[in-house]
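First the structure, in the form of C-alpha coordinates, and then the observations on it.
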Amino acid sequence: MKLQQLRYLVTIVHQRMNMSAAADALYTSQPGVSKQIKLLEDELGIELFTRSGKHLTGLTEAGEAVFQRAEEVLQQVRSIRLHAAEFRDQQCGQLSIATTHTQARYALPPVIRQFRQRYPNVAVQIHQGSPTQIAQMAVSGQVDFAIATEALELFEDLVMLPCYRWNRSIIMPVDHPLISVTELTLAAIAQYPLITYVFGFTGRSQLDIAFRQQQLQPNVVLTATDADVIKTYVRTGLGIGIIARMAHDTLLDADLIRRDVDHLFESSLTSIGFRRSLYLRQFMYEFMVLFAPHLTAGRVAACQRGDLSVLTGLDLPLY
(Lines give C-alpha, C1' and ligand atoms only; values in the text may rest on other atoms or scores of the structure.)
Protein backbone atom coordinates (compact mmCIF):
# COMPACT_ATOMS: atom_id res chain seq x y z
CA MET A 1 0.00 0.00 0.00
CA LYS A 2 1.35 3.40 -1.02
CA LEU A 3 0.51 6.90 0.15
CA GLN A 4 -0.02 7.78 -3.49
CA GLN A 5 -2.82 5.21 -3.72
CA LEU A 6 -4.52 6.60 -0.63
CA ARG A 7 -4.24 10.11 -2.06
CA TYR A 8 -5.84 8.90 -5.30
CA LEU A 9 -8.70 7.30 -3.35
CA VAL A 10 -9.40 10.44 -1.33
CA THR A 11 -9.20 12.71 -4.36
CA ILE A 12 -11.68 10.59 -6.33
CA VAL A 13 -14.20 10.88 -3.51
CA HIS A 14 -13.65 14.63 -3.24
CA GLN A 15 -14.20 14.92 -7.00
CA ARG A 16 -17.57 13.16 -6.64
CA MET A 17 -16.43 9.90 -8.23
CA ASN A 18 -15.33 11.66 -11.39
CA MET A 19 -12.15 9.85 -12.42
CA SER A 20 -11.25 12.42 -15.07
CA ALA A 21 -11.58 15.33 -12.64
CA ALA A 22 -9.54 13.41 -10.06
CA ALA A 23 -6.76 12.82 -12.59
CA ASP A 24 -6.71 16.56 -13.42
CA ALA A 25 -6.55 17.46 -9.72
CA LEU A 26 -3.67 15.02 -9.25
CA TYR A 27 -1.84 16.21 -12.40
CA THR A 28 -1.73 12.71 -13.80
CA SER A 29 -3.56 10.52 -16.33
CA GLN A 30 -6.92 8.82 -15.84
CA PRO A 31 -5.53 5.36 -16.73
CA GLY A 32 -2.81 5.89 -14.13
CA VAL A 33 -5.39 6.65 -11.44
CA SER A 34 -7.50 3.64 -12.43
CA LYS A 35 -4.47 1.36 -12.31
CA GLN A 36 -3.43 2.46 -8.82
CA ILE A 37 -6.96 2.06 -7.46
CA LYS A 38 -7.13 -1.46 -8.97
CA LEU A 39 -3.76 -2.32 -7.36
CA LEU A 40 -5.01 -1.04 -4.00
CA GLU A 41 -8.22 -3.07 -4.24
CA ASP A 42 -6.25 -6.18 -5.20
CA GLU A 43 -3.89 -5.74 -2.25
CA LEU A 44 -6.72 -5.20 0.23
CA GLY A 45 -8.87 -7.93 -1.28
CA ILE A 46 -12.00 -5.75 -1.37
CA GLU A 47 -13.81 -3.47 -3.76
CA LEU A 48 -13.64 0.15 -2.68
CA PHE A 49 -16.13 1.57 -5.18
CA THR A 50 -19.51 0.61 -6.54
CA ARG A 51 -19.54 0.73 -10.32
CA SER A 52 -21.93 1.04 -13.23
CA GLY A 53 -20.01 -0.16 -16.26
CA LYS A 54 -16.78 1.83 -16.34
CA HIS A 55 -18.15 4.60 -14.11
CA LEU A 56 -17.76 4.87 -10.34
CA THR A 57 -21.05 5.49 -8.56
CA GLY A 58 -20.06 5.54 -4.90
CA LEU A 59 -18.13 3.86 -2.09
CA THR A 60 -18.84 0.36 -0.86
CA GLU A 61 -19.28 -0.11 2.88
CA ALA A 62 -15.69 -1.30 3.10
CA GLY A 63 -14.58 1.53 0.83
CA GLU A 64 -16.18 4.09 3.14
CA ALA A 65 -14.21 2.71 6.10
CA VAL A 66 -10.95 2.74 4.12
CA PHE A 67 -11.66 6.26 2.86
CA GLN A 68 -12.10 7.57 6.42
CA ARG A 69 -8.79 6.00 7.51
CA ALA A 70 -7.04 7.24 4.37
CA GLU A 71 -8.05 10.83 5.13
CA GLU A 72 -6.69 10.46 8.66
CA VAL A 73 -3.41 9.05 7.36
CA LEU A 74 -2.96 11.86 4.83
CA GLN A 75 -3.69 14.46 7.49
CA GLN A 76 -1.05 12.92 9.74
CA VAL A 77 1.45 12.91 6.89
CA ARG A 78 0.77 16.60 6.28
CA SER A 79 1.19 17.27 10.01
CA ILE A 80 4.56 15.50 10.02
CA ARG A 81 5.69 17.59 7.07
CA LEU A 82 4.59 20.78 8.81
CA HIS A 83 6.49 19.81 11.96
CA ALA A 84 9.61 19.14 9.91
CA ALA A 85 9.23 22.41 8.00
CA GLU A 86 8.91 24.33 11.26
CA PHE A 87 12.25 23.02 12.47
CA ARG A 88 13.87 23.41 9.07
CA ASP A 89 12.86 27.01 8.39
CA GLN A 90 10.22 29.00 10.23
CA GLN A 91 10.11 31.63 7.48
CA CYS A 92 9.22 29.28 4.62
CA GLY A 93 6.14 27.26 3.84
CA GLN A 94 2.67 27.37 2.37
CA LEU A 95 -0.63 28.71 3.67
CA SER A 96 -3.86 27.60 2.02
CA ILE A 97 -7.23 29.22 2.62
CA ALA A 98 -10.73 28.32 1.45
CA THR A 99 -13.30 31.11 1.41
CA THR A 100 -16.01 32.87 -0.58
CA HIS A 101 -15.52 35.47 -3.29
CA THR A 102 -16.52 38.38 -1.04
CA GLN A 103 -13.91 37.50 1.58
CA ALA A 104 -11.24 36.83 -1.04
CA ARG A 105 -11.98 40.04 -2.97
CA TYR A 106 -12.67 42.53 -0.20
CA ALA A 107 -11.62 41.32 3.27
CA LEU A 108 -8.39 39.44 2.58
CA PRO A 109 -6.27 41.66 0.26
CA PRO A 110 -4.89 44.01 2.97
CA VAL A 111 -4.31 41.03 5.28
CA ILE A 112 -2.47 39.06 2.59
CA ARG A 113 -0.38 42.12 1.72
CA GLN A 114 0.78 42.56 5.33
CA PHE A 115 1.32 38.83 5.72
CA ARG A 116 3.49 38.63 2.59
CA GLN A 117 5.58 41.58 3.81
CA ARG A 118 6.35 39.65 6.98
CA TYR A 119 6.70 36.24 5.33
CA PRO A 120 7.84 36.71 1.71
CA ASN A 121 8.85 33.05 1.49
CA VAL A 122 5.44 31.68 2.45
CA ALA A 123 3.29 30.94 -0.60
CA VAL A 124 -0.41 31.72 -0.13
CA GLN A 125 -3.13 29.78 -1.93
CA ILE A 126 -6.76 30.95 -1.94
CA HIS A 127 -9.52 28.53 -2.95
CA GLN A 128 -13.02 29.91 -3.53
CA GLY A 129 -16.18 27.91 -3.06
CA SER A 130 -19.57 27.53 -1.42
CA PRO A 131 -19.82 27.04 2.36
CA THR A 132 -20.20 23.28 1.80
CA GLN A 133 -17.12 23.14 -0.43
CA ILE A 134 -15.13 25.29 2.00
CA ALA A 135 -15.99 23.02 4.91
CA GLN A 136 -15.08 19.89 2.95
CA MET A 137 -11.72 21.32 1.91
CA ALA A 138 -10.82 22.20 5.50
CA VAL A 139 -12.06 18.97 7.09
CA SER A 140 -10.27 16.83 4.50
CA GLY A 141 -6.99 18.70 4.94
CA GLN A 142 -6.94 20.22 1.46
CA VAL A 143 -6.58 23.66 3.05
CA ASP A 144 -5.33 25.00 6.38
CA PHE A 145 -8.01 27.60 7.08
CA ALA A 146 -11.68 27.99 6.23
CA ILE A 147 -13.14 31.49 6.32
CA ALA A 148 -16.92 31.57 6.11
CA THR A 149 -20.10 33.35 7.14
CA GLU A 150 -23.01 31.13 6.10
CA ALA A 151 -23.94 27.62 7.23
CA LEU A 152 -21.49 27.48 10.13
CA GLU A 153 -23.17 24.25 11.26
CA LEU A 154 -21.30 22.60 8.39
CA PHE A 155 -18.05 23.36 10.20
CA GLU A 156 -18.73 21.42 13.43
CA ASP A 157 -15.64 19.26 12.85
CA LEU A 158 -13.43 22.37 12.91
CA VAL A 159 -12.26 24.78 15.58
CA MET A 160 -14.26 27.88 14.58
CA LEU A 161 -13.15 31.29 15.88
CA PRO A 162 -15.22 34.50 15.50
CA CYS A 163 -13.47 37.25 13.54
CA TYR A 164 -15.85 40.14 12.90
CA ARG A 165 -19.46 41.06 12.22
CA TRP A 166 -20.66 42.84 9.08
CA ASN A 167 -23.85 44.17 7.57
CA ARG A 168 -25.32 45.07 4.23
CA SER A 169 -25.88 48.01 1.95
CA ILE A 170 -28.35 48.77 -0.80
CA ILE A 171 -26.72 49.92 -4.05
CA MET A 172 -28.59 51.63 -6.87
CA PRO A 173 -28.05 53.90 -9.87
CA VAL A 174 -27.82 57.63 -9.16
CA ASP A 175 -31.33 58.29 -10.54
CA HIS A 176 -33.18 55.61 -8.59
CA PRO A 177 -36.39 56.68 -6.74
CA LEU A 178 -35.20 55.17 -3.44
CA ILE A 179 -32.45 57.77 -3.18
CA SER A 180 -35.00 60.37 -2.12
CA VAL A 181 -36.52 58.15 0.59
CA THR A 182 -35.41 59.50 3.97
CA GLU A 183 -35.42 56.18 5.84
CA LEU A 184 -35.45 52.93 3.94
CA THR A 185 -37.85 50.18 4.99
CA LEU A 186 -38.11 46.57 3.89
CA ALA A 187 -41.53 47.33 2.44
CA ALA A 188 -40.06 50.11 0.28
CA ILE A 189 -37.19 47.89 -0.89
CA ALA A 190 -39.57 45.01 -1.69
CA GLN A 191 -41.34 47.18 -4.27
CA TYR A 192 -38.34 46.98 -6.60
CA PRO A 193 -36.55 44.11 -8.36
CA LEU A 194 -33.64 42.87 -6.22
CA ILE A 195 -30.24 41.46 -7.13
CA THR A 196 -28.36 39.74 -4.34
CA TYR A 197 -26.33 36.71 -3.29
CA VAL A 198 -27.19 33.10 -4.00
CA PHE A 199 -28.81 31.43 -1.00
CA GLY A 200 -26.10 29.95 1.22
CA PHE A 201 -23.53 32.61 0.33
CA THR A 202 -22.34 35.71 2.17
CA GLY A 203 -25.04 36.11 4.80
CA ARG A 204 -27.97 35.64 2.40
CA SER A 205 -30.02 33.82 5.05
CA GLN A 206 -30.24 36.97 7.22
CA LEU A 207 -31.79 38.80 4.29
CA ASP A 208 -34.44 36.12 3.76
CA ILE A 209 -35.23 35.99 7.48
CA ALA A 210 -35.77 39.77 7.66
CA PHE A 211 -38.27 39.81 4.80
CA ARG A 212 -40.06 36.71 6.07
CA GLN A 213 -40.51 38.20 9.56
CA GLN A 214 -42.37 41.11 8.03
CA GLN A 215 -44.35 38.79 5.75
CA LEU A 216 -42.85 40.37 2.65
CA GLN A 217 -41.99 38.55 -0.56
CA PRO A 218 -38.97 40.23 -2.21
CA ASN A 219 -38.80 40.17 -5.99
CA VAL A 220 -35.34 38.65 -6.41
CA VAL A 221 -34.72 38.74 -10.16
CA LEU A 222 -31.07 37.63 -10.18
CA THR A 223 -28.65 36.02 -7.75
CA ALA A 224 -24.88 35.62 -7.91
CA THR A 225 -22.02 34.46 -5.69
CA ASP A 226 -19.95 37.47 -6.71
CA ALA A 227 -20.64 41.05 -5.50
CA ASP A 228 -18.96 42.44 -8.63
CA VAL A 229 -21.47 40.56 -10.79
CA ILE A 230 -24.32 41.99 -8.70
CA LYS A 231 -22.97 45.51 -9.21
CA THR A 232 -22.66 44.92 -12.96
CA TYR A 233 -26.36 44.05 -13.27
CA VAL A 234 -27.38 46.95 -11.04
CA ARG A 235 -25.60 49.20 -13.54
CA THR A 236 -27.70 47.71 -16.37
CA GLY A 237 -30.87 48.80 -14.57
CA LEU A 238 -32.06 45.26 -13.84
CA GLY A 239 -32.70 46.07 -10.17
CA ILE A 240 -31.23 47.34 -6.93
CA GLY A 241 -28.49 45.34 -5.23
CA ILE A 242 -28.10 44.09 -1.69
CA ILE A 243 -24.46 43.35 -0.96
CA ALA A 244 -22.01 43.22 1.92
CA ARG A 245 -21.13 46.79 2.87
CA MET A 246 -17.42 46.01 2.47
CA ALA A 247 -18.07 45.14 -1.20
CA HIS A 248 -18.79 48.77 -2.17
CA ASP A 249 -15.68 50.70 -3.17
CA THR A 250 -16.11 54.47 -2.83
CA LEU A 251 -13.87 55.18 -5.82
CA LEU A 252 -14.49 52.27 -8.17
CA ASP A 253 -18.24 52.28 -7.54
CA ALA A 254 -18.75 56.04 -7.57
CA ASP A 255 -21.52 55.60 -10.17
CA LEU A 256 -23.60 53.63 -7.65
CA ILE A 257 -25.29 55.15 -4.62
CA ARG A 258 -24.85 53.18 -1.39
CA ARG A 259 -27.37 53.25 1.44
CA ASP A 260 -26.51 51.38 4.62
CA VAL A 261 -29.32 49.26 6.07
CA ASP A 262 -28.03 48.12 9.46
CA HIS A 263 -31.46 48.91 10.91
CA LEU A 264 -33.15 46.40 8.60
CA PHE A 265 -30.95 43.32 8.85
CA GLU A 266 -29.20 41.48 11.65
CA SER A 267 -25.44 41.53 11.26
CA SER A 268 -23.64 38.38 10.12
CA LEU A 269 -20.63 36.72 11.72
CA THR A 270 -17.50 35.77 9.80
CA SER A 271 -15.36 33.05 11.39
CA ILE A 272 -12.08 31.32 10.65
CA GLY A 273 -11.73 27.60 11.22
CA PHE A 274 -9.18 24.83 11.14
CA ARG A 275 -8.90 21.14 12.06
CA ARG A 276 -8.28 20.55 15.75
CA SER A 277 -5.39 18.25 14.82
CA LEU A 278 -3.71 20.84 12.59
CA TYR A 279 -0.19 21.74 13.65
CA LEU A 280 -0.20 25.54 13.64
CA ARG A 281 3.08 27.06 12.54
CA GLN A 282 4.11 30.48 13.78
CA PHE A 283 3.14 32.19 10.53
CA MET A 284 -0.34 30.64 10.79
CA TYR A 285 -0.84 32.22 14.21
CA GLU A 286 0.33 35.54 12.81
CA PHE A 287 -2.06 35.32 9.87
CA MET A 288 -4.98 34.91 12.26
CA VAL A 289 -3.89 37.93 14.30
CA LEU A 290 -3.65 40.02 11.13
CA PHE A 291 -7.14 38.93 10.10
CA ALA A 292 -8.67 39.28 13.58
CA PRO A 293 -6.38 41.00 16.13
CA HIS A 294 -8.20 39.48 19.12
CA LEU A 295 -7.22 35.96 17.99
CA THR A 296 -3.93 35.91 19.85
CA ALA A 297 -1.78 32.78 19.93
CA GLY A 298 -2.87 32.12 23.52
CA ARG A 299 -6.58 32.32 22.71
CA VAL A 300 -6.20 30.16 19.60
CA ALA A 301 -4.22 27.51 21.47
CA ALA A 302 -6.82 27.45 24.26
CA CYS A 303 -9.64 26.96 21.75
CA GLN A 304 -7.69 24.19 20.05
CA ARG A 305 -7.59 22.44 23.45
CA GLY A 306 -11.35 22.88 23.74
CA ASP A 307 -11.40 25.85 26.13
CA LEU A 308 -13.83 28.27 24.45
CA SER A 309 -14.20 30.43 27.56
CA VAL A 310 -11.41 32.67 26.21
CA LEU A 311 -13.90 33.89 23.59
CA THR A 312 -16.43 35.10 26.15
CA GLY A 313 -17.14 38.81 26.06
CA LEU A 314 -15.17 39.60 22.90
CA ASP A 315 -16.12 42.93 21.37
CA LEU A 316 -16.03 42.06 17.69
CA PRO A 317 -15.61 44.86 15.13
CA LEU A 318 -18.57 45.61 12.84
CA TYR A 319 -17.97 46.32 9.15
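Taking the chain as a Gaussian network, where each spring joins two C-alpha atoms under 10 Å apart, which residue of Leu161, Leu238, Leu39 fluctuates the most? Between Leu161, Leu238, Leu39, it is Leu39 that shows the largest mean-square fluctuation. Rounded, prolate or oblate, given the Cα gyration tensor of region 1-145, with a/c below 1.5 counting as rounded? Prolate, since a/c reaches 1.5 and a/b exceeds b/c. Which residue fluctuates most in the GNM of the chain (Cα springs below 10 Å): Gly58, Gly93, Gly241? The residue that fluctuates most here is Gly58.
Probe of 1.4 angstrom, ligands and nucleic acids ignored: what's the accessible area per residue over region 36-174, in square angstrom? Mind showing how you got there, number by number?
Details: 6770 Å² over 139 residues.
Dividing the accessible area of region 36-174 by its residue count gives 49 Å².
For the chain, the longest piece that avoids every one of the GluC sites (Glu not before Pro) found in DSSP loops with at most 11 other C-beta atoms within 10 Å covers 1-155.
The phi torsions of region 155-171, fed into the Karplus equation with coefficients 6.51, -1.76 and 1.60 and a -60° offset, translate into couplings of 9, 4, 7, 10, 7, 10, 10, x, 10, 7, 10, 8, 10, 10, 9, 8, 10 Hz, rounded to whole numbers, with Gly and Pro shown as x. Our summary gives region 210-266 a relative contact order of 32 percent, counting only alpha carbon pairs under 8 angstrom and 6 or more residues apart.
Where both bridge residues fall in the chain, DSSP classifies roughly 60% of the beta bridges as antiparallel.
Take every DSSP beta bridge with both residues inside region 3-158 and express the antiparallel ones as a percent of the total, to the nearest 5.
On the way: 4 of 13 bridges.
Counting only bridges with both partners in region 3-158, antiparallel ones make up about 30 percent.
The slack between Ala84 and Ser267, meaning 0.36 nm per residue of separation minus the straight C-alpha distance, is 61.7 nm. Under the simplified labelling scheme, the Leu178-Tyr319 pair shows an inter-label distance of 2.2 nm, with each label point 7 Å from Cα along Cα→Cβ.
Between amide H atoms placed 1.01 Å from N, distances below 5 Å from Thr50 occur with Thr57, Gly58, Leu59, Thr60, all of them 5 or more places distant or on a separate chain.
Backbone amide hydrogens, once placed in the peptide plane, bring His127 within less than 5 Å of Ile97, Ala98, Thr99, excluding anything fewer than 5 places away on its chain. In the set (1) 29, 22, 19; (2) 40, 26, 18; (3) 34, 22, 16, the label that goes with semi-axes √(5λ) of the Cα gyration tensor in Å computed for this structure is (2). With R₀ fixed at 45 Å, the C-beta to C-beta distance from Leu251 to Arg276 puts the FRET efficiency at about 0.60. Kindly provide the trypsin sites (Lys or Arg not before Pro) of region 4-39 that DSSP labels as loop, not H, G, I, E or B, and whose Cβ sees at most 16 other Cβ atoms within 10 Å. Answer in residue order: Arg16. Based on DSSP H segments of at least four residues, each scored -39500 (n - 2.57), the chain has a per-residue ellipticity at 222 nm of -11500 deg cm²/dmol. Between the alpha-carbon centres of region 1-70 and region 186-236 there is a gap of 41 Å. When the chain is treated as a Gaussian network with alpha carbon springs shorter than 10 Å, the biggest mean-square fluctuation among Gly32, Gly129, Gly63 belongs to Gly32.
For a test of understanding, tell me how many lysine pairs in the chain have Cα atoms under 25 Å apart, given they are 8 or more places apart or on different chains. Write down the numbers at each step before the final one.
On the way: Lys2/Lys35; Lys2/Lys38; Lys2/Lys54; Lys35/Lys54; Lys38/Lys54.
Number of lysine pairs found: 5.
So, with a 1.4 angstrom probe, what is the percent of accessible area on region 209-319 that is carbon and sulfur? C and S fraction of accessible area: 51 percent. Rolling a 1.4 Å probe across the protein heavy atoms gives region 188-270 an accessible surface of 47 Å² per residue. Dimensions of region 215-277 along the principal axes, based on C-alpha atoms and rounded to the nearest Å, stand at 49, 36, 23, largest first. For region 9-133, the carbon plus sulfur part of the accessible surface works out to 49%, probe radius 1.4 Å.
Using the alpha carbons of region 166-319, what is the convex hull volume per residue in cubic angstrom, as a whole number?
Values: hull volume 22.0 nm³, N = 154.
Convex hull of Cα atoms, per residue: 143 Å³.
Note the full-extension length gain between Lys54 and Gln117 as 0.36 nm times their separation in residues minus their Cα-Cα distance, in nm to one decimal. Don't skip to the end; give the middle numbers.
On the way: separation 63, 0.36 × 63 = 22.68 nm, distance 4.99 nm.
Roughly 17.7 nm would be gained on extension.
Measuring r between the beta carbons of Ser20 and Arg235 and using R0 = 51 Å, the FRET efficiency lands at 0.85. Histogrammed with a bin width of 5 Å, the alpha carbon distances of region 137-224 distribute as 2, 10, 19, 20, 16, 11, 9, 7, 5, 2, 0 percent, first bin at zero.
The values are calculated or read from the model by the stated rules, or taken from the named source; none is laboratory data. A quick note: this is a predicted structure, and the numbers were derived from the prediction, not measured. Glycine gets a Cβ as well: all are built from the backbone with ideal geometry, and neighbour counts include every protein chain shown. The protein model used for the area step is the full one, side chains on, heavy atoms only, and it has no ligands, DNA or RNA in it. Shrake-Rupley method; radii C 1.70, N 1.55, O 1.52, S 1.80 Å.
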